[in-house]
1. Taking segment 728-751 as the search range and keeping residues that are crowded, with 21+ Cβ neighbours inside 10 Å and more than 23 Å from the chain's Cα centre (by Cα), which one is nearest to residue 592 (Cα to Cα)?
2. I'm trying to understand the selection: among the residues of segment 534-547, which are part of a helix (DSSP H, G or I) and hydrophobic (A, V, I, L, M, F, W, C)?
3. Name the residue, out of 139, 152, 202, that is surrounded by 21 or more Cβ atoms within 10 Å (Cβ to Cβ) and within 30 Å of residue 499 (Cβ to Cβ).
4. Give me the pairs: first residue in segment 21-43 and farther than 15 Å from residue 133 by Cβ and at pLDDT below 95, second residue surrounded by fewer than 20 Cβ atoms within 10 Å (Cβ to Cβ) and not charged (D, E, K, R), beta-carbon distance under 9 Å, and six or more apart or on different chains, which are they?
5. Could you check how many residues of segment 587-625 are among the aliphatic types (A, V, I, L, M) and under 22 Å from residue 645 (Cβ atoms)?
6. Considering only residues that are touching a Ser or Thr at 6+ places or on another chain (Cβ under 8 Å) and more than 20 Å from residue 654 (Cα to Cα), look in segment 599-640 and name the one that is surrounded by the fewest Cβ atoms within 10 Å (Cβ to Cβ).
7. With a cut-off of at least 2 residues that are over 21 Å from residue 71 (Cα atoms), name the helices (runs of 4 or more DSSP H) lying wholly within segment 440-533.
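The values are calculated or read from the model by the stated rules, or taken from the named source; none is laboratory data. Here the structure is a predicted model, which means the values were calculated and not measured. We place every Cβ from the backbone using ideal geometry, glycine too, and count neighbours over all the protein chains shown.
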Amino acid sequence: MLPLLAALWLTAAPLPAAPQALTSVTSSRALSDGLELRAGEATLRISALRDDILRIRVSPGATAPEDASWAVLREARTQRVKVKALPESEAAVGFRTAALEVRVEKNPLRLLILDLQGNLLSADAVGRPTQFLGGGFQLTKQMPADEHYFGLGDKAGPLDRRDQAFTLWNTDAYRNQESTDPIYKSIPFFMAVRAGRAHGILLDNTWRTHFDFGKQWRDAYSFGAEGGPLEYYFLHGPEPRKVLEGYTFLTGPAPLPPRWALGFQQSRFSYEPESRVREVASRLRADQIPSDVLFLDIDYLDRFRAFTVDKSKFPDLPGLIRDLGQQNFRVITISDMHIAKAPDAGYAPYDTGVAGNHFVHNPDGSLFAGRVWPGDSVFPDFTRAQTRAWWGSLYKELVAQGVAGHWNDMNEPSVFSPLKTLPLDSVHRIEEPGFESRNATHAEVHNVVGLLNARATYEGLLKLQPEERPYVLTRATYAGGHRYGATWTGDNSATWNQLRLSTPMLLNLGLSGFSLSGVDVGGYSGTPPEELLTRWYAVGAFNPLFRSHAEKGTGDHEVWAHGPAPAAVRRRYIETRYRLLPYFYTLAEENSRTGLPMMRPLFLEFPVATEDKHPLDLDAGHEFMLGRALLVAPPPFPENPDVYPVTLPPGDWFDFWTGRKAEGTRSGTAPANASTPSTLKVTPKLDELPVFVRAGSILPLQPLVQHTAQVPQGPLELRVYPGPDCQGDLYLDDGHSLAYKKGAWLRQRFSCQVEANGLKVTLARPTGSYPAWWKSVDIVVHDWPEARTSATLARGGSPSVRYDAATRTLRLSIPADRAGSELRLTRTP
């Protein structure tokens with residue numbers, strides 16, 4: 001047991017109780033990588049990690065806080081570039097990198113960051129100095145009237161965070177609504193966008209934090225915390241995607257998920273008993289609903305105790321998993337992070353946890369116990385590396401039985417009490433490489449418990465199956481948690497408003513590092529009416545994570561709910577998802593390298609699309625990009641049957657369903673291909689969600705399969721939409737192992753070039769050693785004006801062409817060639 005005095009050691013040196021404002025610079029010292037200043041007793045250090053990334057650390061005294069982070073990688077924190085000091089004057093001191101100018105005005109003390117063209121990117125607010133107060137701090141920045149803010153994870157509300165205020169404190173937010181805050185995640189990173197220029201700020205503080213984007217002051221935004229270090233990072237763009245690359249540099253990339261995780265996933269709280277699970281699986285296959293995953297929620301457990309099985313409901317779990325595997329279903333099981341307090345009951349997770357000192361303590365040294373699903377429960381202390389290793393080992397039997405993925409729920413951590421979580425003075429023991437070994441209160445580590453729970457699961461699975469990609473789904477997390485798991489938005493409701501909220505929530509999650517994210521299709525709580533469920537399946541088919549989930553006691557959320565007619569529409573969207581899997585998987589692989597999310601706001605692809613360069617999403621917050629090529633435009637108010645406008649970014653666009661060019665209306669006399677947005681009027685249809693393809697895209701599709709383990713039978717289809725910078729990509733590997741890290745992958749780039757009398761389509765030589773499943777390639781060229789066309793391959797051959805005048809579509813088939821192919825289409829007189 002931990003002694004009482006150990007619990008009194010807080011996370012850093014005690015901060016002064018009286019307010020301490022940083023009002024003026026009293027001394028400064030140039031450093032090779034930046035600048036150090038004193039403001040009375042306080043110290044401000046600004047370091048350049050890269051030419052475009054600054055680390056700013058402020059402490060109330062001469063000693064800096066511990067240099068450790070759960071979010072930011074050590075290799076990023078320790079990187080440095082040399083800077084050029086600016087001439088110091090009585091008024092200011094500063095330095096330059098190859099991308100930024102950093103200037104500190106001395107009296108009053110203000111930090112200003114500019115680009116090398118003199119554009120002011122960020123500045124401390126005038127008259128509102130940084131201050132330490134009551135053990136915490138607040139920092140205030142000036143807020144230009146035309147600056148907009150995105151990120152902070154899946155906070156509810158509009159995509160733009162301007163004029164809103166938020167608290168970051170991981171909270172079990174059952175049936176959360178538009179005004180509910182805080183909710184499940186704490187991701188203290190946001191991107192500021194102004195006139196086409198973007199920068200990001202990451203506050204690396206695990207305590208309860210707050211962000212106010214103009215709620216308190218119309219000309220300033222602020223952020224702060226109730227304790228812990230004042231440490232933040234400034235990430236320069238100026239392109240928004242460059243900011244995300246910088247965030248990935250700091251927090252690391254997401255792992256490449258198994259391909260089956262991109263398939264359709266069916267869940268409920270709970271499918272029970274075993275016969276019901278088999279019934280659902282058989283129905284999915286019998287109705288030919290493409291699907292890959294079935295979930296087992298807590299009712300499969302014995303008395304809700306993690307890592308057990310209720311033998312009365314699931315008498316043969318290994319046999320069930322084996323039989324579902326023969327139907328090509330992967331099984332994901334839940335493991336809430338609490339452990340039932342069951343001494344002398346033969347419950348191994350509790351017994352081994354106590355023996356290894358793996359649980360959180362009260363200040364008096366006793367184990368903390370709180371009431372959750374199993375009754376009185378104890379909570380693993382995931383800040384200990386040994387505890388995470390122990391937790392990971394608990395999955396051994398499930399892995400041996402063939403469970404494919406693992407769902408960490410209730411890990412805010414949630415407790416059934418008025419506080420909703422552990423008491424703030426509960427004692428954790430930080431024992432982690434790179435950290436000082438010390439005790440910490442729950443107030444400090446609360447927001448990282450979910451991240452560390454997912455990390456323990458991920459690393460444990462990797463140890464148990466070193467050649468397989470772990471799959472972890474986590475509800476709560478912190479910045480950097482994308483390194484260990486996918487996520488979803490938690491316990492939403494079966495309402496039209498929740499469907500509408502899902503798009504900005506997922507977009508902001510993607511901008512916060514969590515590309516592989518989704519919502520409970522149909523709404524977790526409540527029974528969705530027929531039209532709501534159908535529309536939700538339609539949008540969900542284009543979200544990165546596609547899972548239908550429902551609460552106990554609610555009506556059916558499955559595809560077949562409400563009868564054959566709506567089921568046919570929902571199945572069509574799922575089938576479209578499976579035909580697009582080559583595109584989805586390529587986007588997932590791109591995210592694992594670059595940090596670019598699969599699901600993107602319009603401004604990420606079109607940062608200067610408007611005349612005054614405001615983010616285009618302010619005009620179309622209900623729309624989103626799926627990768628570079630696809631634009632999805634669900635109704636802004638999906639329950640409303642009225643015609644609504646779709647904003648199409650600059651350039652030409654094609655209707656995904658028909659292949660025809662979309663004829664939008666542009667303001668004024670702008671030509672059709674002008675660099676301004678256009679507007680298209682759309683009448684909502686249940687069977688046709690508006691989806692558009694960007695001109696200059698080559699979209700890979702596969703023949704329909706019923707699950708991702710099924711090898712597609714037939715040709716790869718490349719849909720070519722001629723336009724500027726015409727390109728497309730395809731990535732392929734075995735979909736589940738880590739062999740891709742040793743070169744067992746295939747990557748191929750496609751391009752097209754409009755010529756005077758035709759089109760050249762190039763399929764570059766594939767790279768990597770993984771074999772393609774296709775033997776031929778069907779090429780479909782849209783907006784082709786002429787039936788009389790000849791086709792020639794550079795390496796010999798003249799494929800026959802087929803022309804559809806009604807859709808202006810040209811089709812032909814060519815053999816797959818490991819050396820690549822160059823095809824010329826020539827219009828003949």
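1. It comes out as 748.
2. Matches in segment 534-547: 536, 538, 539.
3. Going through 139, 152, 202 in turn, the sole match is 152.
4. Correct list of pairs: empty, since none qualify.
5. Number of matching residues: 9.
6. Looking at the filtered set, the residue picked out is 611.
7. Details: elements: 442-445, 449-464, 496-511.
Here the list reads 449-464, 496-511.
Conditions tested, residue by residue: (1) among the charged types (D, E, K, R); (2) surrounded by 20 or more Cβ atoms within 10 Å (Cβ to Cβ); (3) closer than 24 Å to residue 332 by Cβ.
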position	(1), (2), (3)
386	no, no, no
397	yes, no, yes
408	no, yes, yes
426	no, yes, no
439	no, yes, no
